[in-house]
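Please read the structure below before turning to the comments.
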Amino acid sequence: MHADRHLHDLYTVEQVRAIDRRAIDDLGVSGFELMNRAATAAFACLCRQWPHARRIVVFCGPGNNGGDGYLLASLAYGSGVSAEVVELSDSVRGDAVPARETWLRNGGITHRWHQDASLPHADVYVDALYGTGLNRAPEAAASTLIERINASGIPVLALDIPSGLDADTGHCPGAAIRAQATVSFIAAKRGMYTGQAATKTGVLHIDTLRLPDILWQGMPADATLLDAMHLGPRARDAHKGDAGHVLAIGGDHGTAGAIRLCGEAALRCGAGLVSVATRGDNLTALNSARPELMPHGVHGPQELQPMLERATVLAVGPGLGQGAWGHALWLTALDSGKPLVLDADGLNLLAREPRRFTTPAVLTPHPGEAGRLLEKSTADVQTDRFAVARELAQRYGAVVVLKGAGSLIANPDGRLDVCIWGNPGMASGGMGDLLTGVIAALMAQGCSAWDAARIGVGLHARAGDVAARKGERGLLASDLLDPLHALGNGLGVL
């Protein structure tokens, strides 16, 4: 792939098909020539990834993805690697027909897949069953084959996309290949970076098949991969007032920890001042745990009002609860017209009493909260995370961070970024409370809601990856505070 072109651009399947058609119609590159280029790129990838592989088995479907596979098998055979093909069907179509004929002309060993067959042994399996066109569960015979391949323990290279993974959404409606590496052609497909994709694609390689940049003209990417960003250095004469004042609102009885993590993350990400509006019985714990926080006990809206007037940005929701106390503070905070970040019970209350934001706002739902905000099930949210994130942003007039593997950041204007960092160790209590504080701190320092969400999500995820070097299981939210401090200043963390 070009070193600088399309590196962060993500496309839908329909867009990639359009680029493919432009190559054929406008440049006169035949479909079979593109198939040859794909097979060449894939075989080069296989040789780099598994330099000692001497025996491969290619699993071919009847469409163009299978065609790529037949040609890859021919290349391997011609270079002295032992290659066999297992085909789902001999009724191939389109450009896969000459590809299969090329393989058979070379006298390649071909097996027809049936349920009772055992899979041939190999150093590497190549998945060329289904390409990006599949957006339903694979048929029964293919599903059984996919499960057998996954159970074999043999490493898999997937061509274009692991079969069974929806290239638009990152959802697997049925069985799906678990690949150790995937080589994807023409452009990066957006579904390969979110949802269930992380468990299927392995190491991802993109190859543009030597197609010229002109084919991408007039086609804006559907989404973009997040960059590693941080704020620039502070002015030498800066004072705490320049860095904003975050007011964190939450911490009902028994949840002082949630609002403490939120406030402490805001401090570590550079907010000049952080006040906490919480239950009075949390004050001793907060003062002793982190003296730089300024906690105040509030019984209701009257005591919150003067705190709101001093604040630059509000962080509303961690440990807030949905009772009378939490609801009254939530309502007062939202009516203040201050820029804010809304999470946890702040979102659950919004689902009960929806409103559209006219001031800068960032919502940070996990899939369950997103479902409640749109009156959908969590499963429906995960089926198309891109559509859900965009719908939420438009409906609520806010920047939306849809959390989970491959977090999405959506702007009401349709822009969308995808976070490629983070790890399963971050599936533990308090991580969301930190993110709320991080984004609020960036807004307090002058970032727009969009930039604060993008920079904040990236910082939070990268800090999680640094902290997970000591192991993912048992990772605590507070383990991210030191790396957040370092990464927020653009410092590499040893």
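The values are calculated or read from the model by the stated rules, or taken from the named source; none is laboratory data. Since the structure is predicted, the reported quantities are computational estimates derived from the model, not experimental observations. Heads up, the Cβs are rebuilt from the backbone with ideal geometry, glycines too, and the neighbour counts pull from every protein chain shown. Ligands, DNA and RNA are stripped out before the accessible areas are found, and what is left, the full protein with its side chains, is counted by its heavy atoms. Shrake-Rupley method; radii C 1.70, N 1.55, O 1.52, S 1.80 Å.
For W325, W421, the ranking by accessible surface with the largest value first comes to W421, W325, using a 1.4 Å probe. Think of segment 112-267 as having a plus end and a minus end, set by charges on the Cβ of Lys, Arg, Asp and Glu; of A140, L226, I206, L226 sits farthest toward the positive end of this dipole. Normalised per residue, the accessible area of the chain is 40 Å², obtained with a 1.4 Å probe and no contribution from ligands, DNA or RNA. What the phi angles of segment 112-119 give under the Karplus curve with 6.51, -1.76 and 1.60, with θ = phi - 60°, is a coupling list of 8, 6, 9, 4, 8, 6, 8, 7 Hz, glycine and proline written as x.
Potential lengthening of the chain between A141 and R48 amounts to 30.3 nm, from the contour at 0.36 nm per residue minus the alpha-carbon distance. Computed about its Cα centre, the charge dipole of segment 179-244 is approximately 180 debye, with only Lys, Arg, Asp and Glu carrying charge at their Cβ.
Could you work out the local net charge near N411, counting Lys and Arg as +1, Asp and Glu as -1, over the other residues with Cβ closer than 14 Å to its Cβ? Combined, the nearby Lys, Arg, Asp and Glu give -1.
Overall, the accessible surface of segment 15-124 at a probe of 1.4 angstrom is composed of carbon and sulfur to the extent of 49 percent. Using heavy atoms of the protein chains and a probe of 1.4 Å, the accessible area assigned to V399 is about 10 Å². Expressed as a whole percent, the accessible surface of segment 370-427 that belongs to carbon and sulfur atoms is 50, based on a 1.4 Å probe. Antiparallel beta bridges, as assigned by DSSP with both residues in the chain, represent about 15 percent of the total such bridges. Phi angles across segment 10-21 convert, under the Karplus curve 6.51 cos²θ - 1.76 cosθ + 1.60 with θ = phi - 60°, into 3J(HN,Hα) values of 10, 10, 7, 4, 4, 5, 5, 4, 5, 5, 4, 5 Hz, Gly and Pro given as x.
Dipole magnitude for the chain: about 480 debye, using +1 per Lys or Arg Cβ and -1 per Asp or Glu Cβ, origin at the Cα centre. Farthest toward the positive end of the dipole of the chain, out of Q305, V274, G251, is the Cα of V274, where the dipole comes from beta carbon charges about the Cα centre. Per-peptide packing, taken as the mean over residues of other Cβ atoms within 10 Å, places 299-306, 159-166, 359-366 in the sequence 159-166, 359-366, 299-306 from highest down. Judged by the mean number of other Cβ atoms found within 10 Å, the most tightly packed of the peptides 239-249, 255-265 leads the ranking 255-265, 239-249.
When the charge dipole of segment 66-195 is built from unit charges on Cβ atoms (+1 for Lys and Arg, -1 for Asp and Glu) and taken about the Cα centre, the candidate among P98, F185, Y130 whose Cα reaches farthest toward its positive end is F185.
Summing -39500 (n - 2.57) over the DSSP H runs of n ≥ 4 in the chain and dividing by its residue number, what mean residue ellipticity at 222 nm do you reach, to the nearest 500 deg cm²/dmol?
For the chain, the value works out to -11500 deg cm²/dmol.
Only the Cβ atoms of Lys and Arg (+1) and of Asp and Glu (-1) were treated as charged; on that basis the dipole of segment 130-230 about its Cα centre amounts to roughly 220 debye.
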